[in-house]
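Notes to accompany the following structure.
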Protein chains: 2
Amino acid sequence: MEFSEKLKAIPSSPIRKLVPFADRAELEGVKIYHLNIGDPDIETPNIILSSLHKFEHKIIKYSNSKGEKIFIDSLVSYYKNLGFTDINCENIQVTIGGSEALLWTFLAICNPKDEIIVFEPFYANYNGYGVMADVSLVPILTKITDGFHLPKASEIEKRINKKTKAILICNPNNPTGTLYTKKELEMLIGICKKYNLFLLSDEVYREFVYDGKKQTSVLEFNYPDGVIVLDSLSKRYSLCGARLGCMVSRNKDLVSLILKFAQVRLSAGFIEQIIAAKINEIPKSYIIKVQKEYEARRNLVIDCLNNIKGVICKKPEGAFYIIARLPVSDSEKFAKWLLTDFRDKNETLMVAPASGFYASSGMGKQEIRIAYVINKKDLKRAMELLELAIKQFNKI
Amino acid sequence: MEFSEKLKAIPSSPIRKLVPFADRAELEGVKIYHLNIGDPDIETPNIILSSLHKFEHKIIKYSNSKGEKIFIDSLVSYYKNLGFTDINCENIQVTIGGSEALLWTFLAICNPKDEIIVFEPFYANYNGYGVMADVSLVPILTKITDGFHLPKASEIEKRINKKTKAILICNPNNPTGTLYTKKELEMLIGICKKYNLFLLSDEVYREFVYDGKKQTSVLEFNYPDGVIVLDSLSKRYSLCGARLGCMVSRNKDLVSLILKFAQVRLSAGFIEQIIAAKINEIPKSYIIKVQKEYEARRNLVIDCLNNIKGVICKKPEGAFYIIARLPVSDSEKFAKWLLTDFRDKNETLMVAPASGFYASSGMGKQEIRIAYVINKKDLKRAMELLELAIKQFNKI
């Protein structure tokens, strides 16, 4: 029995393919410091958890396909609090995580083989959705030495053709932690207007911005039909497993048509929408504390990395990731070796080889992505292990 | 800004497009008996709800992409209890509802424009997934006068060509309630083996079978590489809003490759998998009570329908749906009119026009689907209303 080309083409998750080696090491009693996946270790807000404990419905029914009304209302309030006072119910479609928002947006704006411009390195799952939706991602390189900021407009315009339908960014960025400046976003808006492209902005890390900076949302720009925000509660409130996100756009035709996709899959989770309707009751102190914690962790990791001979990285302004170039020839082999061979006091660490975040083959071969989603004490130890490991690996 | 052909092509849900009219009537204080959607009114098992109240995790983390181990284990036990003792972890992929299992299966076995044979009328959302996955559904007609049982093999074989990849059934059937016999399934297995096709069986209504009959699962047949079961907890345990299902196959290569799709969407809901891991602790009496309740409702509805002049329907053996042919010229107009005009003691009913369950245009124009998911007293009243409404509608 033959499988489809899509099934064959879809890349294995670069992060998850090392998991069997990690499982084996853990079975042998090795302690692993997990810097490989963006799964926050910070507790979900109390008000959400306690609303789960008080869940009073007796039937777990389908929710409305568009989204449960009280949850949509809470999202409307959230965007109003961000200053987007014109964002209402008709601008929002609830999705099963940011992931579903991404798939539907690809399917909604692209015919088979249409192109979407992305800046590499980029969130690896964009590739998977590209394959599933039969959309070609066109990668434009950003460089570690520029802090992964965007190239100039002419570099981007060169890659636009008749098949190009959109530019997709993630801001703050996964996997680089880069926060795009207002000027960079203005440039993108300008290009999109000029070539009649959609601008898709994955803003799931919106609140994860440090050094007193503030993220600029694409919703701040006057391009109502072209701007689409892909959002998720996963990182913001440590709700990764709740699978709740949304698509936000002032293009009301798009939002109302996307409902057809939503109807096909019936509804997002009912329980989660009921509990997540409490997001506006989460005290402001929660997110401030989270920001401070991640900022301190970023500082710690950057300081440690800068003290390791041969490591190159710039201080990222947001999200909870850092891409570092290591003095190793092949970070994929290195990441695997960490799990299979390297031990110090029966401990090791797990990182994501960065090559999986590039579409162009051969890129990112010396780079790794570090997710600083473990506590500072463990992070410090993980950085010690990294330094030791680099030395040992290069002696083999 | 242009949208994709897919977005334009995807049909609006035939069930959900009447919702605005129902909303308006309800706003006006009209009581509506909802027979239009398969959202069970029976309470979710206590053990599931109470495990929600006792949920002890402090972080709602991503689950494993394949599925949370304790939930997969509970599914393995469930299938073993059904007699499929060889079904293990490596035969199961957890999905976000049966819907996701369907989409992934289409994407996994079909290249663009490949064909899947379905028997119309069929579950309307198959159409939507066909569009999203760029798969052509090839409908073969089944008739109300045959109780929607399958045509003979030669009729099916006629429709097979080089693009055909699978036959898709739903057993017991939504929207017809038909339970396929072992002989019918043997015929399908025979055809699939002969032409090297997958047999996809949507078995989400497996337990909803009446008159002491038993559903035959495609897993009972010896066609390990070709059989794929699409399953869901939604109906079985009144967990529609939990969005949990799975794909089951003895084709281990398929199950292991499908994991790549799962990794792209990261995980299914964590909370639901934790609570649904309790399914094997649900007392047998729960499902027996549910079966008895639906059987009594089916009997009531059939008796009422048979007493309405001009109505044609056969007693279905399973699920909680009945397709009835009404003595009206256009059931879509009739269904809309019920919501906009018809009132008796300020009450009306909502049904699903059956044309939306056919792919061939013009079919099912006089038919409606009734979901008997309300209590017997209300069902009786709804049938009274239906009889009255048919008389009034035909006088207009």
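The values are calculated or read from the model by the stated rules, or taken from the named source; none is laboratory data. Quick caveat, the model's predicted, so the values are computed rather than measured. In this analysis, Cβ positions are derived from the backbone assuming ideal geometry, glycine residues included, and neighbour counts consider all displayed protein chains.
Restricting attention to the stretch B:130-141, does a residue exist that is in contact (Cβ under 8 Å) with a residue 60 or more places away in the chain, surrounded by fewer than 23 Cβ atoms within 10 Å (Cβ to Cβ) and under 17 Å from the mean Cα position of the chain (by Cα)? Yes, because at least one residue in the stretch B:130-141 is in contact (Cβ under 8 Å) with a residue 60 or more places away in the chain, surrounded by fewer than 23 Cβ atoms within 10 Å (Cβ to Cβ) and under 17 Å from the mean Cα position of the chain (by Cα). Summed over the stretch A:16-40, the residues that are assigned to a loop (DSSP other than H, G, I, E, B), charged (D, E, K, R) and over 19 Å from A:R243 (Cβ atoms) give a count of 1.
Step by step: first the residues of the stretch A:142-189, then only those that are hydroxyl-bearing (S, T, Y) and within 15 Å of A:K314 (Cα to Cα), then the one that is surrounded by the fewest Cβ atoms within 10 Å (Cβ to Cβ). Which residue is that? Step through it out loud before you land on a result.
Of all residues in the stretch A:142-189, those hydroxyl-bearing (S, T, Y) come to A:142, A:145, A:154, A:164, A:176, A:178, A:180-181.
Now drop any that are not within 15 Å of A:K314 (Cα to Cα), which leaves A:142, A:145, A:176, A:178, A:180.
Numbers: A:T142: 19, A:T145: 9, A:T176: 31, A:T178: 28, A:Y180: 24.
Filtering first and then ranking leaves A:T145.
Among the candidates B:P40, B:P11, the residue that is within 12 Å of chain A (Cβ to nearest Cβ), out of contact with any Phe, Trp or Tyr (no Cβ under 9 Å at 6 or more places or on another chain) and closer than 28 Å to B:G269 by Cβ is uniquely B:P11. Summed over the stretch A:47-74, residues that are over 14 Å from A:G245 (Cα atoms), more than 9 Å from chain B (Cβ to nearest Cβ) and assigned to a helix (DSSP H, G or I) total 5. For B:S13, the conditions (1) in a loop (DSSP other than H, G, I, E, B); (2) in the same structural domain as B:G130 (by TED's automatic domain parsing); (3) of a type in the set (S, T, Y); (4) touching a residue at least 60 places away in the same chain (Cβ under 8 Å) are fulfilled apart from (2).
Looking only at residues in the stretch A:258-276 that are of a type in the set (S, T, N, Q) and not in a loop (DSSP other than H, G, I, E, B), the one that is farthest from the chain's Cα centre (by Cα) is A:Q263.
In the stretch B:200-227, how many residues are out of contact with any Lys or Arg (no Cβ under 9 Å at 6 or more places or on another chain) and within 21 Å of B:L75 (Cβ to Cβ)? Talk me through it step by step, then tell me what you get.
As a first pass, look at the stretch B:200-227 and keep what is out of contact with any Lys or Arg (no Cβ under 9 Å at 6 or more places or on another chain): B:200-203, B:209, B:212-214, B:218, B:221-222.
Going one step further and asking which of them are within 21 Å of B:L75 (Cβ to Cβ), we end up with B:200-203, B:209, B:214, B:218, B:221.
So the count comes out to 8.
Pick from A:D86, A:D41: which is over 18 Å from the mean Cα position of the chain (by Cα) and farther than 30 Å from B:I228 by Cα? I'd like the intermediate steps shown before the answer.
On the way: A:D41 fails: over 18 Å from the mean Cα position of the chain (by Cα).
Step by step, each of A:D86, A:D41 is checked, and only A:D86 is over 18 Å from the mean Cα position of the chain (by Cα) and farther than 30 Å from B:I228 by Cα.
Just to be sure, is B:E295 under 20 Å from the mean Cα position of the chain (by Cα) and more than 8 Å from chain A (Cβ to nearest Cβ)?
Working: under 20 Å from the mean Cα position of the chain (by Cα): yes; more than 8 Å from chain A (Cβ to nearest Cβ): yes.
For B:E295, the condition - under 20 Å from the mean Cα position of the chain (by Cα) and more than 8 Å from chain A (Cβ to nearest Cβ) - is met.
Which residues, taken from the stretch A:221-257, are free of Cβ contacts under 8 Å to residues at least 40 places away in the same chain, more than 9 Å from chain B (Cβ to nearest Cβ) and either in a helix (DSSP H, G or I) or under 18 Å from A:E100 (Cα atoms) (or both)? Spell out the reasoning first.
Filtering the stretch A:221-257 down to residues free of Cβ contacts under 8 Å to residues at least 40 places away in the same chain leaves A:221-227, A:229, A:241-242, A:251, A:253.
Pick out the ones that are also more than 9 Å from chain B (Cβ to nearest Cβ) and you get A:221-224, A:227, A:229.
Residues satisfying the conditions are A:V227, A:V229.
Which of the following residues is part of a loop (DSSP other than H, G, I, E, B), under 22 Å from B:K377 (Cα atoms) and not assigned by TED's automatic domain parsing to the domain that holds B:E115: B:I308, B:I302, B:I288, B:I322?
Numbers: B:I302 fails: part of a loop (DSSP other than H, G, I, E, B); B:I288 fails: part of a loop (DSSP other than H, G, I, E, B); B:I322 fails: part of a loop (DSSP other than H, G, I, E, B).
The match here is B:I308.
Might you let me know whether the stretch B:193-208 holds any residue that is over 14 Å from the mean Cα position of the chain (by Cα), within 23 Å of B:V290 (Cα to Cα) and more than 8 Å from chain A (Cβ to nearest Cβ)? No. Inspect the stretch A:281-291 for any residue being of a type in the set (K, R) and over 18 Å from A:Y237 (Cα atoms) and give the result as yes or no. The answer is no; no qualifying residue exists.
Among the residues in the stretch B:90-106, are any outside any helix (DSSP H, G or I) and without any contact (Cβ under 8 Å) to a residue 40 or more places away in the chain? Within the stretch B:90-106, not a single residue is outside any helix (DSSP H, G or I) and without any contact (Cβ under 8 Å) to a residue 40 or more places away in the chain. Among the residues making up the stretch B:287-336, those that are more than 18 Å from B:Q366 (Cβ to Cβ), small (G, A, S) and crowded, with 17+ Cβ neighbours inside 10 Å are B:G318, B:A319. The single residue among A:A335, A:A324 that is in contact with an Asp or Glu (Cβ under 9 Å, 6 or more places away or on another chain) and under 20 Å from A:F357 (Cα atoms) turns out to be A:A324.
Number of residues in the stretch A:89-124 that are surrounded by fewer than 23 Cβ atoms within 10 Å (Cβ to Cβ), within 8 Å of chain B (Cβ to nearest Cβ) and under 13 Å from the mean Cα position of the chain (by Cα): the value is 1. Can we say A:K165 is more than 9 Å from every other protein chain (Cβ to nearest Cβ), of a type in the set (K, R), touching a residue at least 24 places away in the same chain (Cβ under 8 Å) and in contact with a Ser or Thr (Cβ under 9 Å, 6 or more places away or on another chain)? No; evaluated as a whole, the condition is false for this residue.
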